[in-house]
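The values are calculated or read from the model by the stated rules, or taken from the named source; none is laboratory data. Keep in mind it's a predicted model, so treat the numbers as computed, not measured. Don't worry about glycine lacking a Cβ; one is built from the backbone with ideal geometry, like all the others, and counts go over all protein chains shown. We work out accessible area using only protein heavy atoms, side chains counted, and drop any ligands, DNA or RNA first. Shrake-Rupley method; radii C 1.70, N 1.55, O 1.52, S 1.80 Å.
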Amino acid sequence: MDSQTISLVRTTFKAVAAVDDGPERLTSSFYSILFTDYPEARDFFPAAMETQRDRLVRALAYVVDRLEDPDNLLPFLAQLGRDHRKYGTTAEHYTAVGVSLLKALQNFAGHEIWTDDVDRAWNEALGVVASTMIGAADADENPAVWGGTVIEHRNVLRNLAVVRLQLNEPMDYRAGQYVSVQVPSRPRMWRYMSPANPPNKDGIIEFHIRGVTGGWVSPSMVSHTRIGEQWLLGAPLGALGIPANPARDLVMIGCGTGIAPLRAQVLELAEWTTSRRVHLFVGGHHPCDLYDLELLWELSLDNPWLTVTPVTENEDNPWWHVDDYSNAPAGMSTRLTGQIGKVVASLGSWEDRDIQIAGAPSMIQTTKFRLMAGGTPVQNIRHDPLY
Ligand SMILES: Cc1cc2nc3c(=O)[nH]c(=O)nc-3n(C[C@H](O)[C@H](O)[C@H](O)COP(=O)(O)OP(=O)(O)OC[C@H]3O[C@@H](n4cnc5c(N)ncnc54)[C@H](O)[C@@H]3O)c2cc1C
């Protein structure tokens, strides 16, 4: 795509996003066109569309922001194409979505903005998106979807569960990647989850799940999962993982269930002989939010390359907290107190390290900002997309 095409797409999208309620109106218009012109498409979406609506605009914004960066955008779209095989998506569905989106954008922008050149630019951009996704999906020889039987469900905190599944066939993901998951109580409501263990020939996969208050899916996963039930998993996604350069030391910063993709990498490194140092910061609001420290501590005892430092925003547990299962095991690095990005940045600029951040989007953004303000080069910092 040339720079003029990219600029036309970006300008139109910004014009839509800048209008009050623009993104919401664009999405509503898109789905009403899609479901009117292609009624069969409705079956692919959940009954409740709220989260879905947010996703479309965020995904579009993500793509539009990266049109000048094909080296990152194309692999991302290819992964998304492979992931979409779980819906049974075909080339006709991509056409239906592309045509509906163009109509919605055109209606929204009006004749003055939607010139022939803009129309051509959007056709080209959506063509690249669709052909990359379809090409990757067609070339993929892995299953479209993996089935997994729940073999363990443990509540490790009040609203956080560890769930282990036996996959019907092993999945070749990279430690650090994430997958979309569908549970039987919430059909068609796929949610991303990061495996907390590396891939293994036994096909056991572990998820750490926090129940988000008011969420459609996660509270059910935490409270109503039953041993023996069948979950479905889509293809692995994401660019986090152990960097190929073995000379590069690593800093990993995870809050809450954000430790899952980092833990998977640490467990994988522990299976190899590694000389690179890894400093893992494990964060939470209160000491009682930390979990899994025992295992991480034992790993750091067996593997001198690993340092694990707990960090909490508050020194003490909230007044209503009565259990005492959250203290770091004796002998582990002293817990530090403060906002995790600020704490890590105060320990150095980490210029020579590969840095990964995982957790809630707001935590990722704040931590990245703190590190950059402390002198960490932005190209050293990696994280998953913030949606
Ligand atoms: C790359 C990636 C990896 C992920 N890995 C994991 C994982 O390993 N374990 C895990 O538990 N979750 C993980 N998530 C989050 C997960 O995909 C869901 O977003 C989360 O479980 C909420 O789903 P829900 O259906 O309960 O809430 P929804 O019904 O989707 O949302 C309900 C409301 O809660 C808000 N919300 C959604 N997520 C959060 C959040 N984390 N904190 C605060 N508010 C939120 C939404 O904006 C919305 O307003 C990951 C997300 C991404 C993008």
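Treating each Cα of the chain as one equal point scatterer and applying the Debye formula with no solvent, the log10 of I(q)/I(0) at q = 0.10, 0.12, 0.14 Å⁻¹ comes out as -0.72, -1.03, -1.32. Per residue, the solvent-accessible area of the chain (1.4 Å probe, heavy atoms of protein chains only, all protein chains present) comes to 47 Å². Given the Cα atoms of segment 249-387, and with Rh set as the inverse mean 1/r over their pairs in the Kirkwood sense, what is Rg to Rh to two decimals? For segment 249-387, the value is 0.95. A protection proxy built from the mean count of other Cβ atoms within 10 Å ranks the segments 276-283, 342-349, most packed first, as 276-283, 342-349. With a cut-off of 15 Å between beta carbons, the residues surrounding Leu167 carry a summed charge of -3, where Lys and Arg count +1 and Asp and Glu -1. Ligands, DNA and RNA left out, the 1.4 Å accessible surface of segment 5-160 is 51% carbon and sulfur atoms.
To test your reading of the geometry: what angle, between 0 and 90 degrees and rounded to tens, separates the Cα axis of helix 259-271 from the longest principal axis of the chain? With rounding to tens, the tilt is 60 degrees. Of all accessible surface on segment 240-387 at a 1.4 Å probe, what whole percent is carbon and sulfur? Result for segment 240-387: 52 percent of the exposed heavy-atom area is carbon or sulfur.
Using 0.36 nm per residue and subtracting the Cα-Cα separation, the extra length available between Ala15 and Asp119 on full extension is 36.0 nm. Packing, as the average of other Cβ atoms within 10 Å across residues, places the peptides 121-128, 46-53, 2-9 in the order 121-128, 2-9, 46-53, highest first. Using C-alpha pairs below 8 Å separated by at least 6 residues, the relative contact order for the chain is 13 percent.
For the chain, the longest principal axis of the C-alpha atoms and the axis of helix 22-37 are separated by about 60°. Dividing the summed -39500 (n - 2.57) terms of all DSSP H runs of n ≥ 4 by the residue count of the chain sets its mean residue ellipticity at 222 nm at -13500 deg cm²/dmol.
If I fit a long axis through the Cα atoms of helix 70-84 and take the longest principal axis of the Cα atoms of the chain, what angle between them do I get, 0 to 90°, rounded to 10? The helix 70-84 is inclined about 90 degrees to the chain.
Candidate cross-link partners of Lys368 among the aspartates and glutamates, defined by an alpha-carbon separation under 17 Å and a same-chain spacing of 8 or more, comprise Glu313, Glu351, Asp352, Asp354, Asp384. Each residue, Ala373 and Glu271, gets one label point 7 Å from its Cα in the Cβ direction; the gap between the two is 4.0 nm. Label-to-label distance for Arg154 and Thr90 is 4.6 nm, based on points extended 7 Å past Cα in the beta-carbon direction.
Pairs of Cα atoms nearer than 8 Å and 6+ residues apart set the relative contact order; for segment 249-382 it is 28 percent.
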